Amino acid sequence: MATIEKRTRKDGTTAYRLKWRFGGGREGAQQSITYAEHDDAKSMKGAVEALRHHVYDTDPRVISFELVTGQKPTAYTAPTFGEVAEKYVTTRTRAKATTKDLYRRTLRNRAGALLARPVESITDDDVSALLSGITDAGQSSAMIYDLLRGVFRYAVVKTSLAVNPMNGVEPPKRRPRTVNFLSNTDAGLLLDACRALPNVGAALADVVDVILGTGLRISEALGLVAGDVHVDDVDRAWIDVEMQLSRATTGSPESRRVSLKTDASRRRIALDSATARVLARLVDGLAPDAPVFPHPVAGGWWGQGVFGKAFERARTAAKRAGMVKTPRVHDLRHTHAAWLLTDGVPLLAVSRRLGHESIGITADIYGHLLPEGDDAIRAVLINRRAALAPATVRRVHAVVPMDAVAA
């Protein structure tokens with residue numbers, strides 16, 4: 001129920017604070033508004049209770065006193081899950097616009113059955129059935145689980161939803177990360193298959209070759225412009241990773257190149273001389289803002305979807321030629337990391353080169369490639385302990401009183 005609290009201001013005047021919880025229950029968000037006159041607070045109290053406490057203190061009808069002065073209280077209508085979800089996504093101030101669009105697509109594609117339903121009508125059984133359907137279809141439900149949890153937490157605070165239906169739902173088991181590392185032989189077969197494709201083969205091989213030599217994400221590679229490449233001296237060359245190519249297939253050329261995944265993704269990558277020569281050939285004569293890897297037929301940005309289809313054709317041909325693994329485009333990046341780690345490059349250096357936000361991410365993905373180090377540990381300890389000065393053993397002689405000796 002709503003209550004009126006009498007308060008004395010610093011200037012000695014009296015004020016009346018009307019308080020209630022949205023929806024009337026303990027779980028509802030606290031609401032309050034202060035009046036100078038007790039009668040005004042009492043009148044608004046009656047209006048709030050007539051709406052069964054389903055009104056916010058920020059409601060214009062409360063602020064303008066419209067609920068009391070002639071406006072008949074309207075029945076409360078619970079917002080739909082879709083309406084609450086949109087407000088939740090909009091309030092994610094730390095998320096980029098592209099990330100928010102991804103959230104909206106995921107909710108629309110994976111939770112479409114819930115969007116039109118009143119948020120208060122959704123139960124834990126509804127959520128469990130939704131997640132089970134996604135998992136049974138062989139797809140990962142981890143992202144939609146996290147989104148649903150966020151939306152319902154928001155609903156508990158901002159609407160009259162009393163109980164979060166996610167409380168009774170266990171998080172889905174995350175599918176193990178599948179990583180393919182190519183051997184030198186497999187990488188060679190893949191490059192040969194790329195070069196053999198008509199029309200796009202040479203350009204496709206260049207992208208694959210550069211990713212194997214740099215560990216770039218495909219979006220970062222396709223988003224490179226000539227100004228990012230510094231190859232005046234191929235023995236001391238590097239690239240600056242500043243932007244990436246959006247997955248969007250429409251929009252102006254300028255809008256296709258967007259911010260990186262994280263701040264850690266902005267980095268400088270040293271090049272070996274072979275990779276530097278490939279890039280030097282590609283950027284020769286290009287304007288600084290020209291794509292390093294334009295579409296070989298149509299020109300302009302080479303979209304990830306179109307690139308991926310060409311890569312699949314080359315992969316199929318490489319498999320027929322004897323390639324053992326079945327790599328995705330991203331496995332070229334994994335292969336680069338595996339080559340470095342198995343040849344002794346420190347984990348931290350590899351993590352920074354890949355643009356990981358923390359070394360823990362790198363260790364989780366590639367930790368099994370690191371040598372155990374037991375022999376090295378033994379050798380270090382043997383040498384350290386051998387260098388320790390031997391402990392001096394002192395004999396302590398007991399002092400015997402003379403009278404005891406005489407006795």
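Computed from the coordinates by the stated procedures, all read-outs in this text should not be read as laboratory data. Just so it is clear, the structure is predicted and the values come from calculations on it, not from any experiment. Cβ sites come from the backbone with ideal geometry, for glycine too, and all protein chains shown count toward neighbours.
Rg over Rh for region 3-63 works out to 0.99, using Cα positions for both radii and the Kirkwood form for Rh.
Computed from point charges on the beta carbon alone (+1 for Lys and Arg, -1 for Asp and Glu), the dipole magnitude for region 3-63 about its Cα centre is near 200 Debye. Arranged from fewest to most other beta-carbon atoms within 10 Å of their beta carbon, Ser259, Ser351 become Ser259, Ser351.
Be a star and scan region 344-371 for residues whose amide nitrogen sits under 13 Å from the point 7 Å along the Cα-to-Cβ vector of Trp238. Only 353 pass the distance filter. Computed over the alpha carbons of region 81-168, Rg followed by Dmax gives 12.3, 35 Å. Roughly what percent of Cα-Cα pairs across the chain reach past 41 Å? So the portion of pairs separated by more than 41 Å is 45 percent. Axis angle, to the nearest 10 degrees, between helix 201-214 and the longest C-alpha principal axis of the chain: 80 degrees. In this calculation the C-beta distance from Arg17 to Ser121 is compared with R0 = 25 Å, giving a FRET efficiency of 0.15. About the centre of its Cα atoms, region 81-168 shows a dipole size close to 560 debye [charges on the beta carbon of Lys, Arg (+1) and Asp, Glu (-1) only; nearest 20 debye]. Counting neighbouring beta carbons within 10 Å and listing from fewest to most, the residues Ile134, Ile63 come out as Ile63, Ile134.
Between the helical axis of 330-342 and the longest alpha-carbon principal axis of the chain there is an angle of about 60 degrees.
The aspartates and glutamates whose alpha-carbon is closer than 18 Å to the alpha-carbon of Lys42, local same-chain residues fewer than 8 away aside, are Glu5, Asp57, Asp59, Glu66. About its Cα centre, the dipole of the chain is roughly 600 debye, where the only charges are +1 on Lys and Arg Cβ and -1 on Asp and Glu Cβ.
What the Cβ-Cβ distance of Ala129 and Lys42 gives, at R0 = 51 Å and to the nearest 0.05, is a FRET efficiency of 0.60. With contacts taken as Cα pairs under 8 Å and at least 6 residues apart, region 184-365 reaches a relative contact order of 29 percent.
Taking amide H positions as modeled 1.01 Å from N, with prolines and chain starts lacking one, the residues under 5 Å from Val225 and 5 or more places away or on another chain are Val292. As an exercise, take the mean of 1/r over every pair of distinct alpha carbons in region 192-284, invert it, and state the Kirkwood radius in angstroms. The answer is 14.0 Å. Compared with the alpha-carbon gap, the fully stretched path from Arg105 to Arg320 is longer by 73.7 nm at 0.36 nm per residue.
Once the gyration tensor of the Cα atoms in region 224-354 is diagonalised, the equivalent ellipsoid follows with semi-axes of 23, 22, 16 Å, ordered largest first. Taking amide H as placed 1.01 Å from N in the peptide plane, Val68 has no amide H partner under 5 Å among residues 5 or more places away or on another chain. Along the charge dipole of the chain, which of Leu182, Thr93, Ala29 sits closest to the positive end, that is, farthest toward it, with unit charges on the beta carbon of Lys, Arg, Asp and Glu (+1, +1, -1, -1)? The listed residue farthest towards the positive side: Ala29.
Against the longest alpha carbon principal axis of the chain, how many degrees, from 0 to 90 and to the nearest 10, is the axis of helix 38-50 turned? With both axes taken from Cα atoms, the answer is about 70 degrees.
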